[in-house]
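Reading through the structure tokens given below for one structure.
The values are calculated or read from the model by the stated rules, or taken from the named source; none is laboratory data. Everything quoted here is computed from the prediction, not taken from an experiment. We place every Cβ from the backbone using ideal geometry, glycine too, and count neighbours over all the protein chains shown.
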Amino acid sequence: MSFLEIKNLHVTVDDREILRGIDLTIGQGEIHAIMGPNGSGKSTLSYTLAGRDSYEVTDGAVTFDGEDLLALDPDARAAKGVFLSFQHPMEIPGVATMNFIRTALNAQRKARGEEEVSAADFLKLIREKAKLVGLDDAKLKRPFNVGFSGGEKKRMEMLQMAIFEPRFCIMDETDSGLDIDALKMVGEVVNALRDSSRGFLVITHYQRLLEYIKPDAVHVLAGGRIVKSGGPELARELEKSGYEQFIEAA
Amino acid sequence: MSKSLLINPSALEAGLEAAFAARSKTSEPQAAAFQRFSKLGFPNRRVEGWKWSDFNAALRKPQEKGKKPAAGEIPLSPFAALHPVEIRIVDGQYQLPEGARPEGLRFRLIDPSGTIPEFERHPMAMLNVAMTGKALGMQVVEGAVLNRPILIRHINTGAGFTFAQTLLRVSKNAWAQLIETYEGGGAGFYSHLFHTVVRDGGRLDRLVLQDTGGDAVVHGICAAKIDCASRFDQTALSTGARLARHETHAHFWCEQSSARLNSAALVSGGRHSDFTSDVIFKAEACETRQLHKGVAKDRGRNVFQGKFHVERGGQKTDARMAANALLLSDDAEANHKPELEIYADDVECAHGSTSGALDEDALFYLRQRGLDEASARTLLVEAFVGEVIDGIGDEAARYIFRARVNDWLRNEA
Ligand SMILES: Nc1ncnc2c1ncn2[C@@H]1O[C@H](COP(=O)(O)OP(=O)(O)OP(=O)(O)O)[C@@H](O)[C@H]1O
Ligand SMILES: [Mg+2]
């Protein structure tokens, strides 16, 4: 049984077909990177995997642990361990950060039949992880992401990833807009989670992050299709030559 | 038989006229007030300021007989936890508490207010002035800081018309916290006129929670005169009713004073809530912050009308108003009318108004993190209203308001 299997995935947004037959298999313990030009459908793929309802699957299938992922609500997917680090994380005024993350963690745990985490244990956990991702206490006390810089919002995504310990992490340009220290931190968060039970889909425009996170495979997404797959060397090659050749191919 | 004052009176107006005529004790000003009301009649939607809240229409709907609870059935107020001085106005009957009163607070029943000049063209206020038999008179003496809040519970259980008045003087450098709750399952009309003066250096924190049955017609009219370097801080929450209108008329007469006029409405079913206010800035350097949040679902309707009127003397006025509506269904409605009328040149005044559905992006974000749809929606609506609730200074009171919001969200949203 494969970990994550995407077969011939076609997705339409607002009557426009954005994904035009994606095939991708991620094995347990693997990290796959996706690169590709702007507008090629990378975020569309991540939203579709996370279950955003305006993304209509017109054909194909996605299984996670052998189960039909597309049949599940977004929250049910989250409980199964699917986590999306958003390319553009939301600001949610009026929502207390710590309370929200604890509610989310416990909702996931409850759905899995696990015990809820006590307030005290949670406080310990979030303090420890916040330190790791470089967010101070004052930021945790603010309404969720309100007034945060782009980089701080990405750190908040990594904070949640570190706390939820998801089994399948989709990281949509988590590295964009991060300073070098933050990039290193992202590498640390991923490498701490990386084990034989988890998988990662890392969307990026730069090969830099991939120096901290050694991918098992690199794919090029262009025009809604995977047009090339290879090893880590493909990322380096792309950095030099760009996407032009693939745009032609798509 | 005496000649009617009303031109073409409706059955309702004629009934009130008869009730007024039957009263044993009416003062000159009350007679004058009734005459003014008679000229104006119940406001309907063609009258400026009333177009979204048509009392004439609401009062004509057949009124069911309310169920009168037996004595002793009045439930404990959630605000009892704050050890307030609890005054009840049950179907128009004042019930003053026995026992010790906090130092610096005086109250007794008094004759109602005579005419109120600024309300002479306000039919509903004139009707209240004309019809109210007794008023609750309260005073916080100079320099007193009350160690317990005052709680006035407006409990209405019947049908028909009920009127009451409260006059509160907050003397120089005194500080009072007043909580008012509108309660009961009555299906009648209740009008309460609250008239307050906050004297120099004084402060009044007023909280209003209107949470009546859905058949009621509730009208709260607050007139606040704010003297020098004083503060009026008000937060009101309404769950609507057949028609619930809360008016605030604040007058800054002297320099360096401030007010907060926050409100939130949660309306479901066919309920209607209306927050209407006008703030008059007559003196320099006064400040007002006003935030309204309205949540409407089903066929709920949420009205906000806010006006800042800065007179020539109101230089250096700093006044901001924002009204935000959240519509949770296609049939829900929000009507906003923010207005600025400014005759001074050196002022900072702003207003803004928004209206929309829940943010789908935020909803998806929360669900991606594991919250089911209902919890995610609840969290977002709570956050929306939270900005008003969070402004309540008293922690215990804030907690009770928040609990009421959560309750509403669980049961109605
Ligand atoms: N909600 C939407 N409504 C309309 N068009 C959309 C929507 N979402 C995506 N698209 C379109 O789908 C295409 C793919 O967008 P997507 O965000 O998936 O690209 P991407 O590969 O993530 O690009 P980038 O590298 O810029 O993040 C784009 O042309 C975009 O305009
Ligand atoms: Mg993208």
Sole residue being of a type in the set (D, E, K, R) and more than 13 Å from chain B (Cβ to nearest Cβ), chosen from A:ASP121, A:ASP75: A:ASP121
Criterion violated by A:MET90 - all others in (1) assigned to a strand (DSSP E or B); (2) within 17 Å of the chain's Cα centre (by Cα); (3) under 28 Å from B:ILE389 (Cβ atoms) satisfied: (1)
Hits in segment B:344-365 (condition: surrounded by 16 or more Cβ atoms within 10 Å (Cβ to Cβ), more than 14 Å from chain A (Cβ to nearest Cβ) and aliphatic (A, V, I, L, M)): B:ALA344, B:VAL347
Tell me, which residue of segment B:284-314 that is touching a residue at least 40 places away in the same chain (Cβ under 8 Å) and surrounded by fewer than 22 Cβ atoms within 10 Å (Cβ to Cβ) is nearest to B:ALA244 (Cα to Cα)? B:LYS297
Identify, by number, the condition in (1) facing chain B (nearest Cβ under 10 Å); (2) surrounded by fewer than 17 Cβ atoms within 10 Å (Cβ to Cβ); (3) under 20 Å from the mean Cα position of the chain (by Cα) that A:LYS110 doesn't meet. (3)
Could you tell me how many of the residues in segment A:18-39 are within 14 Å of ligand 1 (Cβ to nearest atom) and touching a helix residue (DSSP H, G or I) at 6+ places or on another chain (Cβ under 9 Å)? 8
Total residues in segment B:21-47, condition under 10 Å from B:MET131 (Cα atoms) and within 25 Å of the chain's Cα centre (by Cα): 3
A:ASP68 within 7 Å of chain B (Cβ to nearest Cβ) and either charged (D, E, K, R) or within 16 Å of ligand 1 (Cβ to nearest atom) (or both): no
Wholly enclosed strands (runs of 3 or more DSSP E) of segment A:1-69 bearing at least 3 residues within 16 Å of ligand 2 (Cβ to nearest atom) and within 16 Å of the chain's Cα centre (by Cα): A:31-35
How many residues of segment A:142-166 are more than 13 Å from chain B (Cβ to nearest Cβ), within 23 Å of A:ARG198 (Cα to Cα) and away from ligand 2 (no atom under 16 Å from the Cβ)? The answer is 3
Per the filter on segment B:142-172, residues more than 30 Å from B:ARG23 (Cβ to Cβ) and of a type in the set (Ser, Thr, Tyr) are B:SER171
Residue selected from segment A:78-107 under the condition of a type in the set (S, T, N, Q) and within 17 Å of A:CYS169 (Cα to Cα), by the criterion nearest to the other protein chains (Cβ to nearest Cβ): A:SER85
Return the pairs, sorted by first residue and then second, in which the second residue is near ligand 1 (Cβ under 8 Å from one of its atoms), the first residue lies in segment A:33-48 and is among the basic types (Lys, Arg), the beta carbons are less than 6 Å apart, and the residues are 6+ apart or on different chains. A:LYS42/A:GLY36; A:LYS42/A:ILE203; A:LYS42/A:LEU221
Among the candidates A:ASP15, A:ASP53, which residue alone is within 13 Å of ligand 1 (Cβ to nearest atom), within 14 Å of chain B (Cβ to nearest Cβ) and of a type in the set (Asp, Glu)? A:ASP53
Looking across segment A:113-151 at residues that are among the small types (Gly, Ala, Ser) and under 21 Å from the mean Cα position of the chain (by Cα), the single one that is farthest from A:LYS184 (Cα to Cα) is A:SER149
Can you list the strands (runs of 3 or more DSSP E) found entirely within segment A:171-250 that contain at least 2 residues being within 16 Å of ligand 1 (Cβ to nearest atom), in contact with a helix residue (DSSP H, G or I) (Cβ under 6 Å, 6 or more places away or on another chain) and of a type outside the set (Phe, Trp, Tyr)? A:217-222
Please give the strands (runs of 3 or more DSSP E) falling wholly within segment B:177-278 in which 3 or more residues are in the same structural domain as B:MET124 (by TED's automatic domain parsing). B:189-198, B:203-210, B:217-226, B:231-238, B:243-252
For B:GLU103, state whether it is within 19 Å of the chain's Cα centre (by Cα) and surrounded by fewer than 19 Cβ atoms within 10 Å (Cβ to Cβ). no
Do any helices (runs of 4 or more DSSP H) entirely within segment B:317-413 hold 3 or more residues that are within 21 Å of B:PHE304 (Cα to Cα), and if so, which? B:373-389, B:395-412
Scan A:GLU128, A:GLU152, A:GLU116 and give me the residue that is without any contact (Cβ under 8 Å) to a residue 40 or more places away in the chain, away from ligand 1 (no atom under 15 Å from the Cβ) and under 30 Å from A:HIS219 (Cβ atoms). A:GLU152
